[in-house]
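The values are calculated or read from the model by the stated rules, or taken from the named source; none is laboratory data. Just so you know, these numbers come straight off a predicted model, no measurement behind them. We place every Cβ from the backbone using ideal geometry, glycine too, and count neighbours over all the protein chains shown.
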Amino acid sequence: MKAFYPAPRKSRWRFFLPSASRTLIHEARASSTPKFSSSPLLQSILDFRSLGGEPFTIISDQRSVGHPRLRHARRPSGDIGRVNLIASKRPFVRCVRLLIVENAIDYSKHTEPELVEMFGRMDPRYAPDECARLGRLLAERGYIVTDGGIGPGSATPSPEKLQALIGSDRPIECKVAFGQTSGLFSWLEPARNNFGLIGSGTFVADGIHVQLSGRRPGLFGSLFQRKAEFVWRGIFDVESEGKVVHFTYRAYLAPEGAVTLWFSDQATAQRVAAVLPKERTAKFQPQIQARVQFERDLIAQSRRTPVTVGLVAINTLVFLVTVLAGAEWFVPRGAVQIAWGSNFGPFTTDGEWWRVLTSLFIHFGVIHLVFNMWALATFGPLAERLYGSVNYLLIYLITGVTGSFASISWRPDINSAGASGAIFGILGALLAAHLRTGETFPSSVLRPLRNSTLVFVSFALLNGLQTTGIDNAAHLGGLTAGFLMGLVVARPITGGGSYTRSDLRRLLQMLPLAAIFLAGALWYAQRTSASLVGEGLYWRTVHWLGIGERATNSRLNTALALAKADKRNELALVDRLESDAVPFWREASSRLSAIHLEPNSPNLVNLQLLHDVSEGRVYSYELLAQGLQAKNAKDITAAELELARLNQLIKDRQRRL
């Protein structure tokens, strides 16, 4: 994300796992430096691919989306139910085994679901008599009992028992969806239930358990299936409307969770609602109508998310172009990124302020790009629907630029790039929307969305504090700007699809706030850039020298051509030398003298050479002006010889590199 300037250092990969999310931090150093399109003097000495430079750190932060993960509640027999999150291709212990039974258990005090669960936890190695007795009891009640051998067995309802429990001789099994989504990146959006299920899957009910299967949220969620198993008696507050069924689940020592299911037809939904438990709690309030209306209104506000799709496409295209221009796929050096507009502090603060915007579309390697685009595609569609495409784009750009300013204000010597400052701005805007228009979010939707946003932000910022190379300044700058702007332009979820006068009014209210942000950030960045020392000051001076030398030589060559065409123009050449070339190189010498590098800096030799060249230029141009003015051929020849010597120094240095 953010970087430092010049020479390679080892890459380091570190993984951090916030629940279902994975954060990868990539640190690198580079040895190359940017390439100026300058006159021969700096063109030869400052070819950034030929010089070994001072180490600089490329801070590339990739973020994945954090999703709330249900805690597995393991409890003694008789406690209210549990939920199992079953990961594919991974063994899962369904519950704690009942190891020792001292005395006979009075099974008449337990319900059949409790007995089935108890049998699944009773180890015959330690309680063989009780295990056999409970197995016989369940078999008498119509369950098919399977011996577990050296471990607990299982009991499943027989066809006759299923008929009594759910009115069918087979478990109810049907297709189900966990939300109404649309758009190219709908499969990346965060889960809107407490069990981390998205997309479509299956519903299976046998009167003892309900099992849901669906896709996991996140970049690779479509590759892995997630299953959630619910004990029958833990399900309550069931309600249905049309094709939709909603219920709440209470697990032992765990917070309540809720899930809304979309079935393929109304008959299936009614059948499922009819067989699920009928328990209603005292605090029950109908939510399904509000949930269904919320989903419809959210899609109606923006059925497609063109800005998010466009931003992902532009970032990807720019990365591919930089790779074709010589950028690295995995271990970035930074030279090409600087040439294409990364936010290199010494260059940005030297007048190239456009870098605070272009750096939002530059990335250091494919991993940096993939994880940033993952986060953008995950949270972007929801933010675009909540704010509208126009306001969403402005939030993205303004918060990204604010993050870039915050970055160079914190460390004016770093080289930064990437979309994470803008992505944190989107996260801040989402938090503002939850706070400002939370009454239009059903509680079953608001809680998981808010939690996933907070989890991602918290772990990303915490990881940045613990790990070197992560630019939390850009993240905090973008997050703060996004939150404040979101408070101004957040709109209620009403289902209005067009850009209304209210949206325009919110936009006009946001623009002064954005102007204040950007003006303040620019002022502070300019102020802090004066603190550049060492390597940062060296590269800023090199940048100034490259631009100034190119402009000075252009004017000098024009005057020289006129003097060659007409001897009467020699005085104009003398005036150009005295008023332009000599003052420029004298200032260059002064600036280079003020730079102090470490003795082991690879830029130390280049600094000394530039200083010698600057002083030599001052002497040569003064001598040339004196010779032209006095028409002294000896002085003119001496000046030409000195200039030739300086050029030879540059060539010798280039050959040694």
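For Ile516, are the conditions met, namely being more than 21 Å from Ile398 (Cβ to Cβ) and under 30 Å from the mean Cα position of the chain (by Cα)?
Working: more than 21 Å from Ile398 (Cβ to Cβ): no; under 30 Å from the mean Cα position of the chain (by Cα): yes.
Considered against the rule, which asks whether it is more than 21 Å from Ile398 (Cβ to Cβ) and under 30 Å from the mean Cα position of the chain (by Cα), Ile516 comes out as no.
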*asked:* Pairs needed: first member in the range 567-590, closer than 24 Å to Ala633 by Cα; second member anywhere, assigned to a helix (DSSP H, G or I) and β-branched (Val, Ile, Thr); C-beta distance under 7 Å; at least 6 residues apart or different chains.
replied: Asp580/Thr552; Ala581/Thr552; Val582/Val618; Trp585/Val618
_Restricting to the range 573-594, count the residues that are farther than 21 Å from Trp539 by Cα and surrounded by 15 or more Cβ atoms within 10 Å (Cβ to Cβ)._
8
*asked:* Considering only residues that are within 27 Å of Val455 (Cβ to Cβ) and among the hydrophobic types (A, V, I, L, M, F, W, C), which ones fall in the range 378-404?
replied: Phe379, Leu382, Ala383, Leu386, Leu393, Leu394, Ile395, Leu397, Ile398, Val401
*asked:* under 21 Å from Asn557 (Cβ atoms) and more than 43 Å from the chain's Cα centre (by Cα): is that true of Ala581 in this structure?
replied: yes
*asked:* Which numbered condition in (1) in contact (Cβ under 8 Å) with a residue 12 or more places away in the chain; (2) on the phi > 0 side of the Ramachandran plot is the only one that Gly326 fails?
replied: (1)
_Cross-chain or 6+ apart pairs with Cβ under 7 Å, the range 595-617 first and buried (at least 17 other Cβ atoms within 10 Å of the Cβ), then part of a helix (DSSP H, G or I) and aromatic (Phe, Trp, Tyr)_ = Ile595/Tyr538; Leu597/Tyr538; Asn603/Tyr538; Leu607/Tyr538; Ser614/Trp585; Arg617/Trp585
*at pLDDT below 90, in contact with a Phe, Trp or Tyr (Cβ under 6 Å, 6 or more places away or on another chain) and either assigned to a helix (DSSP H, G or I) or assigned by TED's automatic domain parsing to the domain that holds Gln629 (or both), is that true of Leu571?*
no
*Can you pull out the helices (runs of 4 or more DSSP H) entirely within the range 230-338 that have at least 2 residues that are polar (S, T, N, Q) and in contact with a strand residue (DSSP E or B) (Cβ under 9 Å, 6 or more places away or on another chain)?*
266-275
*asked:* Of everything in the range 339-363, what is in a helix (DSSP H, G or I), closer than 18 Å to Arg527 by Cβ and among the hydrophobic types (A, V, I, L, M, F, W, C)? Give them in sequence order.
replied: Phe347, Val356
*Yes or no: Arg170 basic (Lys, Arg), more than 30 Å from Leu427 (Cβ to Cβ), in a loop (DSSP other than H, G, I, E, B) and at pLDDT 80 or above?*
yes
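Every residue, every condition in (1) part of a loop (DSSP other than H, G, I, E, B); (2) of a type in the set (Gly, Ala, Ser), yes or no:
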site: Leu577; (1), (2): no, no
site: Asp580; (1), (2): no, no
site: Trp585; (1), (2): no, no
site: Ile595; (1), (2): yes, no
site: Glu598; (1), (2): yes, no
site: Ser601; (1), (2): yes, yes
site: Leu607; (1), (2): no, no
site: Val613; (1), (2): no, no
*Got at least one residue in the range 317-339 being surrounded by 21 or more Cβ atoms within 10 Å (Cβ to Cβ) and either modelled with pLDDT of 90 or more or hydroxyl-bearing (Ser, Thr, Tyr) (or both)?*
yes
*Out of Gly142, Gly183, Gly149, which single residue is crowded, with 16+ Cβ neighbours inside 10 Å, on the phi > 0 side of the Ramachandran plot and modelled with pLDDT under 85?*
Gly183
*surrounded by fewer than 24 Cβ atoms within 10 Å (Cβ to Cβ) and either within 30 Å of Arg303 (Cβ to Cβ) or modelled with pLDDT under 90 (or both) - does that describe any residue in the range 413-421?*
no
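So which of Gly536, Gly520 is in a helix (DSSP H, G or I), under 21 Å from Ile414 (Cβ atoms) and without any contact (Cβ under 8 Å) to a residue 12 or more places away in the chain?
Gly520
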*Considering only the range 549-561, state which residues are surrounded by fewer than 16 Cβ atoms within 10 Å (Cβ to Cβ) and not hydrophobic (A, V, I, L, M, F, W, C).*
Ser554, Arg555, Asn557, Thr558
